[in-house]
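Undergrad: Take a look at this one; I'll ask things after.
The values are calculated or read from the model by the stated rules, or taken from the named source; none is laboratory data. Source: prediction; values computed, not measured. Cβ sites come from the backbone with ideal geometry, for glycine too, and all protein chains shown count toward neighbours. For accessibility, only protein heavy atoms count, side chains too; no ligands or nucleic acids. Shrake-Rupley method; radii C 1.70, N 1.55, O 1.52, S 1.80 Å.
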Amino acid sequence: MTLHIVQIIIEWSAILCCAMAGIFEARERDMDFVGAFVIASACAFGGGTVRDLLLDRHPLFWLQKPEYVIVVFLITFFSMFITLRKSPGLDLLVNAVDALALGFFSFLGTFYALKYGTNLFVAPLIGVVTGVFGGIIRDVFFAEVPRIYRKGGTTLYTVCSFTGCCVYLALRHLEASGTVGFIACTLVTFLFRMAAVRFNWSLRV
Amino acid sequence: MTLHIVQIIIEWSAILCCAMAGIFEARERDMDFVGAFVIASACAFGGGTVRDLLLDRHPLFWLQKPEYVIVVFLITFFSMFITLRKSPGLDLLVNAVDALALGFFSFLGTFYALKYGTNLFVAPLIGVVTGVFGGIIRDVFFAEVPRIYRKGGTTLYTVCSFTGCCVYLALRHLEASGTVGFIACTLVTFLFRMAAVRFNWSLRV
Amino acid sequence: MTLHIVQIIIEWSAILCCAMAGIFEARERDMDFVGAFVIASACAFGGGTVRDLLLDRHPLFWLQKPEYVIVVFLITFFSMFITLRKSPGLDLLVNAVDALALGFFSFLGTFYALKYGTNLFVAPLIGVVTGVFGGIIRDVFFAEVPRIYRKGGTTLYTVCSFTGCCVYLALRHLEASGTVGFIACTLVTFLFRMAAVRFNWSLRV
């Protein structure tokens, strides 16, 4: 019961964070309302949709809950009346929101993968796919190389998500409660990602 | 029974319209036969495939009916022997064919979504996805930003499809017959789209 | 039983060939380890994943067998310590590996499609999709027009795969054993493809 409520809260947070990050992107490119809604939806629902299709988990999470779609719609709508000025503070905020969403979705992906009986090696991959595919679909829509795999890009993104998933798996193996696992997974992903952005870390190999 | 026949006619019309619009595109880019067939198939089967995957509707509509694939193959083949000259008349024809296909697929998507038990808020989204994804996959294959979300592009495309789907939902709520709903949905989508092209409408927000 | 072992050998060969071709590509573009692993996975698992989703074949082949993912991971890892010098010999090797993978996957796609009850017209299409989609996803990730449909590109790729699938279907109709069908399909695809590369064949229409 408690876990169920926690899970709903996580899913809402992940979707809201992703949708907001998507709207920021779309606004920066001066897209109109429909374009912004499509990008926000791709970011918010893309990762989870790919996860559900891979796991054969039907009906898809957003088909069951129209609230998700309606709320993303409303957020996109109201965001059209806000003017944003590009600033370091805004960049930091967008990055933080995005890193949080990455943590939430990585946890959810690993959690559902285990629930659907995938083994311990594949589960974190599903977590990573859930975390990063929203952004990949967004970049494909922008006809750009997914920025997380671009040279000089943010490659560590995937590594942050993977680390978070592994932390959750480890805690689960130690029989920690789901809530503890969730908090650890999200926190590790979030902090790792913010540190990677702040110190400009990148892989050497 | 009658509805079943109507449905088959609609599906055929949608596929033929989409395939033809795809072939026009491919020819304009001077692709060879295989390229044209791939683009025609992406346009004709892309939207419906995404719809069927999202709704978990198996086997996919074109897996069951090889006629669809064979006819698209033949159309592509014979079109290779026709030379097209770019003209305003041809542009209008391509737009009209494309707008018709948008109407057909929007209806089919909403119809199947309701049949598979999705709620009233999500059903028109499935309709829109069915209508627009063929074109999105085509544009991804061309490595371009989907033109329907490009700035100064044809953003209203999505809105036309959405309006048609909502008209169908409204008529359905008023207990109109399926055929009436289909005609109204297709007509509204088609006319709205043609007007948007003719008067160069675009969203202000 | 024998067929089962043959099938496992084919699947391993296909995945290893594809992963290696993907790693070559990624290395040429100077991607780091994570980028190379993503491209290798896209090439190795992309075609089969699309096939499994279209056929509603669950769990996906790489969800069941973590060995696949682990081996691709290890190959990518060790390849980071090898320096490659661009040379005609290397080009030939990459092309040969890629042509082999195309043959393997075309066979597997057609084989599974028939096993899941699709008809004779659609089965080779599934074979082609299995063979070519890894490369398409790779090119979409590189934000390029899939090279197999690019003008002056390698259009015959699809035709080679299709020919191999049809040879398998013909032999199957003549009640040849699965192993014979597999060898013929792979050999025809491989030789046709290598000849097309060597003599620079392309479609005229």
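Undergrad: Roughly how tilted is helix B:123-141, in degrees to the nearest 10 and between 0 and 90, from the longest Cα axis of chain B?
TA: Once rounded, one gets 10 degrees.
Undergrad: Next question, about the same structure. If packing is taken as the average count of other Cβ atoms within 10 Å, what order do A:189-195, A:111-117 fall into, highest mean first? Walk me through the numbers on the way to the answer.
TA: Working: A:189-195: 20.7, A:111-117: 18.6.
Packing order, densest peptide first, comes out as A:189-195, A:111-117.
Undergrad: Given the options C:Ala170, C:Ala26, C:Ala40, state which has the largest fluctuation in a GNM of chain C using a 10 Å cut-off (strictly under) for Cα springs.
TA: Of C:Ala170, C:Ala26, C:Ala40, the most mobile in the Gaussian network model is C:Ala170.
Undergrad: Same structure again: Other chains' Cβ within 10 Å of C:196-202 residues: what's the mean? Each step should come with its number before you reach the end.
TA: Numbers: counts 0, 0, 0, 0, 0, 0, 2.
Per residue, the average neighbour count from other chains is 0.
Undergrad: How big is the equivalent ellipsoid of region B:1-113 along its three axes, where each semi-axis is √(5λ) from the Cα gyration tensor, reported in whole Å from largest to smallest? If you can, show how the numbers build up before the last one.
TA: On the way: eigenvalues 129, 49, 30 Å².
Ellipsoid half-lengths, sorted descending, are 25, 16, 12 Å.
Undergrad: Something else now. Can you give me the three principal axis dimensions of region B:50-103 from its C-alpha atoms, in Å, biggest first?
TA: Result, largest extent first: 42, 24, 12 Å.
Undergrad: What average count of beta carbons from other chains do you get within 10 Å of the Cβ of residues in B:50-63? Let's see the in-between values first.
TA: On the way: counts 0, 0, 2, 7, 8, 4, 9, 2, 6, 7, 6, 0, 3, 12.
If you average over the peptide's residues, the count of other-chain Cβ atoms is 5.
Undergrad: So what are the three principal axis dimensions of region A:67-177 from its Cα atoms, in whole Å, longest to shortest?
TA: Largest to smallest, the principal-axis extents are 48, 38, 27 Å.
Undergrad: If you don't mind, another one. For labels at B:Leu84 and A:His58 in the simple 7 Å Cα→Cβ model, what's the distance in nm?
TA: About 3.5 nm separates the two model spin labels.
Undergrad: Okay, moving on. Could you grab the Rg to Rh ratio for chain B? Cα atoms only, Kirkwood for Rh.
TA: Numbers: Rg = 16.4 Å, Rh = 17.1 Å.
Dividing the radius of gyration by the Kirkwood radius yields 0.96.
Undergrad: Would you list which aspartates and glutamates come within 18 Å of A:Lys115, measuring only between C-alpha atoms, while excluding same-chain residues fewer than 8 positions from it?
TA: A:Glu11, A:Asp52, A:Asp56, A:Glu175
Undergrad: A:Tyr68 accessible area, nearest 10 Å², 1.4 Å probe?
TA: Here the residue's solvent-accessible area equals roughly 0 Å².
Undergrad: Same structure again: How shielded is C:38-47 by partner chains, expressed as the average number of their Cβ atoms within 10 Å of its Cβ atoms?
TA: Details: counts 8, 1, 0, 1, 0, 0, 0, 0, 0, 0.
Neighbouring Cβ atoms belonging to other protein chains average 1 per residue here.
Undergrad: Let me ask you something else. For C:Ile70, place a label point 7 Å from Cα along the Cα-to-Cβ direction in every copy; what are the distances to the other copies, in nm, shortest first?
TA: Shortest to longest, the spacings are 4.8, 4.8 nm.
Undergrad: In degrees between 0 and 90, to the nearest 10, how far off the longest principal axis of chain C does helix C:178-198 point, with axes built from Cα atoms?
TA: Result, in degrees: 50.
Undergrad: For Cα pairs less than 8 Å apart in space and 6+ apart in sequence, what is the mean separation divided by the residue count of region B:107-205, i.e. the relative contact order in percent?
TA: Numbers: 104 pairs, mean separation 25.1, N = 99.
For region B:107-205, the relative contact order is 25 percent.
Undergrad: Here is a further query. Starting from the exponent 0.38 and prefactor 2.2 Å, build the expected Rg for the protein assembly as shown from its residue count and divide its actual Cα Rg by it.
TA: Details: Rg = 24.1 Å, N = 615, 2.2 N^0.38 = 25.2 Å.
So the protein assembly as shown has a normalised radius of gyration of 0.95.
Undergrad: Grab the other residues whose beta carbon is less than 10 angstrom from that of A:Asp56, score K and R as +1, D and E as -1, and report the net. Don't skip to the end; give the middle numbers.
TA: Values: positive: A:Arg57, C:Arg57; negative: A:Asp52, B:Asp56, C:Asp52, C:Asp56.
Residues near A:Asp56 contribute -2 overall.
Undergrad: Rounding to the nearest 10 and keeping the result within 0 to 90°, find how far the Cα-based axis of helix B:156-173 lies from the longest principal axis of chain B.
TA: 30
Undergrad: For every helix of n ≥ 4 consecutive DSSP H residues, a contribution of -39,500 (n - 2.57) applies; sum these over the protein assembly as shown, divide by its total residues, and give [θ] at 222 nm rounded to the nearest 500 deg cm²/dmol. Don't jump to the answer; show the numbers that get you there.
TA: Numbers: 24 runs with 462 residues, N = 615.
When only DSSP H runs of four or more count, the value is -25500 deg cm²/dmol.
Undergrad: Ignoring ligands, DNA and RNA, how much accessible area is buried between chains B and C, both sides summed, with a 1.4 Å probe, to the nearest 100 Å²?
TA: Working: alone 10820 and 10820 Å², together 19740 Å².
Summing both sides, the interface buries roughly 1900 Å².
Undergrad: Right, here's the next one. For C:Ile9, place a label point 7 Å from Cα along the Cα-to-Cβ direction in every copy; what are the distances to the other copies, in nm, shortest first?
TA: 5.7, 5.7
Undergrad: Moving on. Taking the label point 7 Å from Cα in the Cβ direction, how far apart in nm is B:Asn200 from each other copy of itself, listed shortest first?
TA: Nearest to farthest, the other copies are at 4.5, 4.5 nm.
Undergrad: Express the carbon and sulfur contribution to the solvent-accessible surface of region C:72-133 as a percent, rounded to the nearest whole number, probe 1.4 angstrom. Walk me through the numbers on the way to the answer.
TA: Numbers: 2060 of 2810 Å².
Carbon and sulfur: 73 percent of the exposed surface of region C:72-133.
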